[in-house]
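As structure tokens, the structure follows; a few thoughts come after it.
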Protein chains: 2
Amino acid sequence: MDVKDLCLGALTYGDATGYDIKKFFESSFSHCFLAGYGSIYPALAELTTEKLVTARTVPGQGGPSRKIYRLTEAGRKAFLARLKQTMPQHKVKSEFLVLMHFAELLPPARLNTILDERLEDIQHQLELIQEFEARTAAQGSGDAPGARFVCGFGKAVMAAASEYILTHRAGLLRAGRRPHSSNKKPARAGARSPQATSRNRGYTNA
Amino acid sequence: MDVKDLCLGALTYGDATGYDIKKFFESSFSHCFLAGYGSIYPALAELTTEKLVTARTVPGQGGPSRKIYRLTEAGRKAFLARLKQTMPQHKVKSEFLVLMHFAELLPPARLNTILDERLEDIQHQLELIQEFEARTAAQGSGDAPGARFVCGFGKAVMAAASEYILTHRAGLLRAGRRPHSSNKKPARAGARSPQATSRNRGYTNA
DNA sequence: TGTCCCATATATCAACCCGATATAGGATGG
DNA sequence: CCATCCTATATCGGGTTGATATATGGGACA
């Protein structure tokens with residue numbers, strides 16, 4: 001499941017340019033999947049050589065020329081096959097949570113700023129989802145239970161995140177700044193025997 | 001905030017090998033940040049040349065030789081500086097949600113399998129967090145409010161995800177398999193004027 | 001007792017992704 | 001009138017992912 005597959009997926013909704021596809025990702029996947037131009041344009045080029053999409057170039061009246069991509073039948077089949085094969089994963093990569101893990105090392109003011117920004121970002125994402133829901137409802141594009149499920153999922157998760165931050169930020173702040181001193185008891189790696197017989201208790205650093 | 005910084009962070013808890021560091025990530029960040037050996041070993045090598053960590057090689061009695069890394073004072077300062085500079089981001093990359101978005105294209109049986117696997121995975125992550133909490137509590141490693149916050153965050157978010165799936169899976173399944181037909185009304189990109197004057201309504205494919 | 005698998009431990013590599021940057025015309029707005 | 005933004009394509013360097021190679025000790029099981 002790479003960006004090529006995502007592009008095929010986007011094109012099941014109709015022909016589009018690379019730019020359109022990015023906008024589509026931003027509008028419906030922003031809270032769970034993002035791809036930049038650096039991935040999309042090469043993906044579309046490869047898909048074209050594989051005959052999974054066709055491209056027609058429209059000379060740009062006012063602006064650069066546009067390349068409009070269309071899914072071929074082979075492309076549609078390839079996409080379906082991928083959907084059936086893929087064992088989907090779900091990954092979170094959060095510098096925010098890493099920073100919070102080391103909250104003790106940060107001045108409370110900065111902690112506050114970071115938490116505020118996270119809350120704002122969540123709010124922004126929620127608005128994006130609501131816009132998407134409103135748009136698809138307005139255009140009466142049949143019922144799209146998949147899209148609705150994903151929107152609901154995003155809202156549920158982000159509401160939980162937001163609430164957690166609001167109810168626990170005080171506790172974090174109170175703890176204040178108490179750095180790990182660099183010279184506490186040095187219970188270091190060398191202290192234990194190499195390839196210790198009893199495993200999995202402390203990962204060297206305890 | 002790259003893997004180098006993560007390694008510095010891990011080493012604030014004590015000396016460790018690359019292998020230890022990966023285990024540390026898996027034990028405390030598995031639900032929000034992961035790094036593989038392909039990132040960790042190069043990171044440690046670079047940190048060594050930058051004198052932010054030192055490495056001593058312990059010839060392996062039984063097993064390969066181990067390289068035990070230790071944070072230098074410069075390393076500690078560099079880490080603190082990074083924590084203060086970084087504008088932390090929070091990203092989700094979920095093939096699971098992408099698949100769900102196209103749920104209409106999948107047979108219900110497969111949908112069921114995917115949802116079950118997602119639930120299992122969430123359960124597994126929750127157990128990992130609880131193990132981590134139990135271990136840090138048992139070792140009475142002072143109070144680590146940051147770590148506690150992160151654990152709580154993970155539990156709150158995953159509980160919400162789990163509950164959402166349980167309460168909405170029936171709705172998804174009922175919708176059943178009703179593929180986007182490939183020849184509905186062809187409201188295609190070429191149909192609108194290039195660089196349409198009214199922007200942001202439909203992203204070409206409506 | 002042999003054998004198979006797992007955990008420890010380091011390292012590398014191709015493929016891929018991310019973010020920034022370049023280019024360029026038209027519209028918008030103070 | 002100039003700054004800024006939006007449309008639109010494209011590329012590049014640096015970083016990450018996931019798989020693979022190598023080596024050995026310990027435990028499970030027949």
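Each reported figure results from applying straightforward, stated rules to the coordinates on display, with no laboratory input. Small disclaimer: the values here were computed from a predicted structure and weren't measured. With ideal geometry, Cβ positions are generated from the backbone for all residues, glycine too; neighbour counts draw on all protein chains shown.
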Inter-site label distance for B:Asp2 and A:Glu117 at 7 Å from Cα along Cβ, in nm: 2.0
Other residues with Cβ under 11 Å from the Cβ of B:His90 give, with Lys and Arg +1 and Asp and Glu -1, a net charge of 0
Per-residue mean of C-beta atoms belonging to partner chains within 10 Å, peptide B:123-135: 1
Please go through the residue pairs A:Lys4/A:Lys67; B:Lys22/B:Lys84; A:Lys155/B:Lys93 and name each one whose alpha carbons sit more than 21 Å apart in this structure. B:Lys22/B:Lys84
Out of residues 5 or more away from B:Thr72 or on other chains, whose amide H comes under 5 Å of its own, with H placed 1.01 Å from N in the peptide plane? B:Val53, B:Thr54
Report, in debye and to the nearest 20, how large the dipole of segment A:2-116 comes out about its Cα centre when Lys and Arg carry +1 and Asp and Glu carry -1 on their Cβ. 460
Rounded to whole angstrom, how close does the nearest chain A beta-carbon get to the axis mapping A onto B, and which residue is it? A:Ala160, 2
Between copies, how far does the label point of B:Ala137 sit from its twins, in nm, shortest first, when each point is 7 Å from Cα along Cα→Cβ? 4.2
Determine ³J(HN,Hα), in whole Hz, for all residues of segment B:13-28 in sequence, where each value follows from phi through the Karplus function 6.51 cos²θ - 1.76 cosθ + 1.60 and θ = phi - 60°; x replaces Gly and Pro. 8, x, 4, 6, 8, x, 4, 4, 5, 4, 4, 4, 4, 5, 7, 10
Here the residues of segment A:24-48 lying in the modelled label zone of B:Gln89, meaning backbone nitrogen under 15 Å from a point 7 Å along Cα-to-Cβ, are A:26, A:30-40
Return the FRET efficiency for the residue pair B:Leu166, A:Ala159: r is the Cβ-Cβ distance, R0 is 25 Å, and the value is rounded to the nearest 0.05. 0.95
If we count other beta carbons within 10 Å of each Cβ, what is the order of B:Cys151, B:Cys32, A:Cys7, fewest first? B:Cys151, B:Cys32, A:Cys7
So the label point sits 7 Å from Cα along the Cα-to-Cβ vector; using that for A:Pro64, what distances do you get to the other copies, in nanometres, sorted shortest first? 4.5
Mind listing the label-point distances from A:Pro42 to the same position on all other copies, shortest first, one decimal in nm, points 7 Å along Cα→Cβ? 1.4
For segment A:104-170, what D do you get in µm² per second when you plug the Kirkwood radius from alpha-carbon pairs into Stokes-Einstein at 37 °C and 0.692 mPa s? 241
Using DSSP to define loop residues, name the GluC sites (Glu not before Pro) in segment B:1-76 whose beta-carbon has at most 16 other beta-carbon atoms within 10 Å. B:Glu50
With a cut-off of 8 Å between alpha carbons and a minimum separation of six or more residues, what is the relative contact order of segment A:1-91 in percent? 34
Across the residues of B:150-162, average count of Cβ atoms on other protein chains within 10 Å? 5
Summarise the partner chain shielding of A:30-38 as one whole number: the mean count of Cβ atoms from other chains within 10 Å of each residue's Cβ. 3
Compute the length gained on full extension between B:Glu73 and B:Asp143: take 0.36 nm times their separation in residues and subtract their Cα-Cα distance, giving the result in nm to one decimal. 22.8 nm
Size of electric dipole in segment B:100-157: Cβ of Lys, Arg +1 and of Asp, Glu -1, about Cα centre, debye, nearest 20: 140
